[in-house]
1. For the peptides 66-73, 155-162, 127-134, what is the packing order when you average, over each peptide's residues, the other Cβ atoms within 10 Å and list the highest mean first?
2. Taking every Cα atom in segment 120-193, find the radius of gyration and the maximum pairwise distance Dmax, and write them in Å.
3. So how far apart, in nm, are the two label points at M38 and A125 if each is 7 Å from Cα heading toward Cβ?
4. Exposure proxy check: D148, D99 ranked by fewest other beta carbons within 10 Å?
5. By the gyration tensor of its Cα atoms, with a ≥ b ≥ c the square roots of the eigenvalues, what is the shape of segment 11-84: rounded for a/c under 1.5, prolate for a/b over b/c, or oblate?
6. Report the gain in length on full extension from W75 to K166: 0.36 nm times residue separation, minus Cα-Cα distance, nm rounded to one decimal.
7. Less than 15 Å Cβ to Cβ from I31, Lys/Arg counted +1 and Asp/Glu -1: what total charge do the surrounding residues give?
8. So how much slack lies between D173 and I54, counting 0.36 nm per residue of separation and subtracting their Cα-Cα distance, in nm?
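FYI, it's all coordinate maths here, none of it is from the lab. The model shown is predicted, which means the values in this text are computed figures rather than measured ones. Virtual Cβ from ideal backbone geometry, glycine too; neighbours counted across all protein chains shown.
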Amino acid sequence: MAVQKKAMFSPEQKRALFVGFGLILVAATLIALIWLGMFLPGFAGEVFRKLAGIMWTPIILDFSLLLLGITLILWLNMFIRAREGDEYVYLEQVEAPPDDLPEEARSAVFREAPESQGLSPSLAAIEGALELNDLSEATSLLFELPPDQLEEPDVLVLRIALARRKGHHQKADDLLEQLRIRSPRHPLCRQRSEESPDG
């Protein structure tokens with residue numbers, strides 16, 4: 001069975017190496033042209049000899065290469081940011097992923113801040129526990145919700161369903177009254193209103 005070999009460099013790494021070698025080649029070419037200019041006759045050769053003498057002075061050479069390197073890095077950084085946008089990203093990771101979850105599915109990168117899901121995942125877990133008739137799990141998940149969210153209409157609906165499943169009909173009626181006050185147009189309130197004249 002043929003095994004596909006992993007590439008030594010990713011496309012981004014190849015591009016970065018290409019740009020780096022290109023910059024080194026440009027700098028080497030510039031130095032070589034200055035060195036060749038020293039052999040020109042007359043005034044031009046004199047100018048290049050003076051320039052080369054200044055450039056090859058130990059302190060000036062170090063300082064000029066430092067300035068050239070910083071300038072190139074800043075220019076490249078500005079160019080990359082203008083083309084690709086800000087480097088700052090948002091990383092979402094799966095906590096305690098199962099063993100069979102692929103590595104690429106364990107995290108996601110977002111350029112924009114992901115919208116807060118609020119209570120949705122917790123409410124979905126409670127709904128799932130109620131569907132499975134796991135009342136103890138549903139109760140413990142409800143206790144994990146923030147206290148200030150317990151009066152929200154979506155949470156009240158789940159509390160009503162849980163109270164009815166446990167046989168606490170008076171508690172369910174009290175919660176339904178709270179729901180009617182907080183959200184009179186909720187389908188559960190209308191359904192109850194339609195049922196009450198017949199009952």
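1. Working: 66-73: 11.4, 155-162: 20.8, 127-134: 13.5.
Ranked by mean Cβ neighbours within 10 Å, highest first: 155-162, 127-134, 66-73.
2. My reading of the Cα-based Rg and Dmax gives 11.7, 31 Å.
3. 7.3
4. Working: D148 7, D99 4.
The fewest-first ordering by Cβ neighbours comes to D99, D148.
5. Details: a/c = 3.06, a/b = 2.17, b/c = 1.41.
Since a/c reaches 1.5 and a/b is larger than b/c, the shape of segment 11-84 is classed as prolate.
6. Details: separation 91, 0.36 × 91 = 32.76 nm, distance 6.79 nm.
Stretched fully, the W75-K166 segment lengthens by 26.0 nm.
7. 0
8. Taking 0.36 nm per residue and subtracting the Cα distance, the gain is 33.7 nm.
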